[in-house]
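Values quoted throughout were computed directly from the atomic coordinates according to the rules given, and no laboratory measurement underlies them. From a predicted model like this one, the values you see are computed outputs, not experimental measurements. For neighbour counting, all protein chains shown are included, and Cβ atoms are generated from backbone atoms with ideal geometry for every residue, glycine included.
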Amino acid sequence: MPRRKICFVLPSLNGGGAERAAVQILNGLDADRWNRSMFLFAREGPYLADLHPSIRIASADTKSRWRRWNALRSFIAAERPEIVMAFLSFFSVLSAARAANTRAKVIFNLQTPMSEFLTDADYQWRRGGHKTAFSAVTRVGYGATDLIVATSQGVAKDLTSAFGADPDRIRVIPNPVDLDRVRAARGEAVDGRLLPPGDGPLIVAAGRLADAKNYPLMIEALAALRHDVPARLCILGQGELEPALRQLIAARGLSNAVSLAGFQSNPWSYIARADVFVLTSRYEGFGNVLVEAMACGVPVVATASPGTRDIVTNGVDGFLVQPHTVDGVAAALRRVLSDAGVRGAMGEAAIDAAERFGAPHVIERYDRVFASLQ
């Protein structure tokens, strides 16, 4: 039986949840059944090195949007993949695939609730008339694509309620997480200089230092918590908000209790040493880092959002905080840190819960969806 052709399309492979998921899914598909390719608008990013050598990589390598679109259209017309899945740049991919006139099935992979994305301070869509225009284009695009894969039930619900997407053309599949890699790396040594000094309970967080991650809420919650719990916080990640966060940390008198440890190629070794992992995002479409923390046997405290509700069972393997308030986050952290029994039970439950998102299981679900498209 000839292999079916499938192509994933992304702007680049610069670090991010969507990019990492795309590489893991494409790598995991059976090469005996799937002829795999990836088209990048810019051939760059750290995840390039992770792609399996048998996967063909094509790219536009131009800054011109028109030339990128035309390069993708030409690639699809020449290679004639049966399935094209877009991670980001959805409507450029959809229009290029339709213009190629090959009858390729087009799938959107939605990693975030679009309603929240349109209010995100990090992006231009919320300014002026951009939001209205983008919302209108989004509705049209969702109606024209063949299938949408949403990373959580909350993302799927947002698609149907806010943008009128047909629920029969939505499949909910979480991101795959390489649990074996996490387990193998979690015991490696850490640089002790990157941890806050002292021997109080250790809280670890990880993620881009951006508005959507709402680190000010985390820092304010730590300030409240430290009135009675001498907790420390280590934040792994980098981003444009680092200067502002350093100012807030100093203003709250937390300079000796909080460390900004920057990007770490092995964040799991730091997470595994935490008493609790915390995520205070304004919204998440999934939350890979939560699953990774749980795989390390660490209980989690997260603000409730579409993605985190699919991962954390409140009161079992962690706590979900709703509404997103300083007192709520501080109280959840206090509950975990003040009771060793709760902490131990949640850590054990977290390990079991993470298994649901193991890469082989998730990729098998993708394979079934792809195979169903004729």
Point to revise | Mean residue ellipticity (222 nm) of the chain, computed from DSSP H runs ≥ 4 via -39,500 (n - 2.57), nearest 500 | key: -12000 deg cm²/dmol
Check your understanding: Which order results if L290, L320 are arranged by neighbouring Cβ count within 10 Å, fewest first?
Key -> L320, L290
**Study point:** Selected from L147, L241, L13 as most flexible by GNM, with the chain as the system and alpha-carbon contacts under 10 Å
**Key:** L241
Point to revise | Lys, Arg +1 and Asp, Glu -1 on Cβ, resulting dipole of the chain about Cα centre, debye, nearest 20 | key: 1320
Exercise for review: Note down the magnitude of the dipole of region 224-278 about its Cα centre, charges +1 on Lys and Arg C-beta and -1 on Asp and Glu C-beta and zero elsewhere, to the nearest 20 debye.
Suggested key: 120
Point to revise | Dipole of region 179-356, positive direction: furthest Cα of H227, I203, T308, with charges on the beta-carbon | key: H227
Check your understanding: Can you name the helices of the chain, as whole DSSP H runs, whose Cα span along the helix axis is 18 Å or more and whose Kyte-Doolittle mean is not below 0.0?
Key -> 130-144, 340-354
Practice item. Would you mind working out the magnitude of the charge dipole of region 179-356 relative to its Cα centre, with +1 at each Lys and Arg C-beta and -1 at each Asp and Glu C-beta, to the nearest 20 Debye? Key: 260
Review point. Rg(Cα) of the chain divided by 2.2 N^0.38 Å?
Key: 1.02
Check your understanding: Given H placed 1.01 Å from N in the peptide plane, which residues other than close sequence neighbours of A165 have an amide H under 5 Å from its amide H?
Key -> T160
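Under the √(5λ) rule applied to the eigenvalues of the Cα gyration tensor, what semi-axes describe the equivalent ellipsoid of region 1-86? Give them in Å, descending.
20, 17, 9
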Study note, to complete from the structure: For I249, I57, ascending order of other Cβ atoms within 10 Å (fewest first) is I57, I249
Check your understanding: Picking from Y283, Y270, Y47, which is most flexible by a Gaussian network model of the chain using Cα springs under 10 Å?
Key -> Y47
**Study point:** Global form of region 247-374, assessed from the alpha-carbon gyration tensor, a/c cut-off 1.5
**Key:** prolate
Check your understanding: For the chain, what number of Lys pairs, 8 or more residues apart or on separate chains, have alpha-carbon atoms under 30 Å from each other?
Key -> 10
Exercise for review: May I ask for the net charge around I311, where only other residues with Cβ less than 10 Å from the Cβ of I311 are counted and Lys, Arg are +1 while Asp, Glu are -1?
Suggested key: -1
**Study point:** Of K213, K105, K63, the one that fluctuates the most in a GNM where the chain has Cα springs shorter than 10 Å
**Key:** K63
Review point. Quick one: F286, F357, fewest Cβ neighbours within 10 Å first, how do they rank?
Key: F357, F286
